[in-house]
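To keep things clear, I will list the structure first and then write my remarks on it.
Bear in mind that the values in this text are calculations on the coordinates, not laboratory data. Bear in mind the structure is a predicted one, so any value in this text is a computation, not a measurement. Here Cβ is always computed from backbone atoms with ideal geometry, including for glycine, and neighbour counts include all displayed protein chains.
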């Protein structure tokens, strides 16, 4: 029996291995989550100012170096709204996506390693038509860009 287990572990991919470990009770869901860097307070905020404060900043200033791409003016389905953000601000450390009228404003935050192009594309869920904020942290300061996205079919609870 020990040989079969080893063969399964050797032949399985990382995802299969994690699934197997979770199914057998060796890996609990709480242990699989990355605890380092998790900022629960930031994800519980309901305004731009509160989010910036929870992330360690004072205020976010508008900056033309933060731009949206692949982000529609009108989203046909609020459950899968594509959002693309690019920063040309030197020293960009992180990019966060905030959706103003969602139950929790902070939708995602991405750390940008040094030497990496600060550009990302993802999909978020939107409850309704709302402002979307791209919040960039660069050299310890926060910068923001805003875009209104109209949702025609509900996403979060809609």
Anisotropy class of the stretch 40-151 from Cα gyration tensor, a/c 1.5 cut: oblate
Residues 153, 98, 55, 135, sorted so that the one with the fewest Cβ neighbours within 10 Å comes first: 153, 55, 135, 98
Rounded FRET efficiency, nearest 0.05, which uses the C-beta distance separating residue 104 from residue 73 and R0 of 25 Å: 0.60
Linear extension gain, residue 119 paired with residue 54, 0.36 nm per residue minus alpha-carbon span: 21.1 nm
Residue order, fewest to most beta carbons within 10 Å, for 71, 92: 71, 92
Efficiency of FRET from Cβ geometry, residue 47 and residue 129, R₀ 22 Å, rounded to 0.05: 0.80
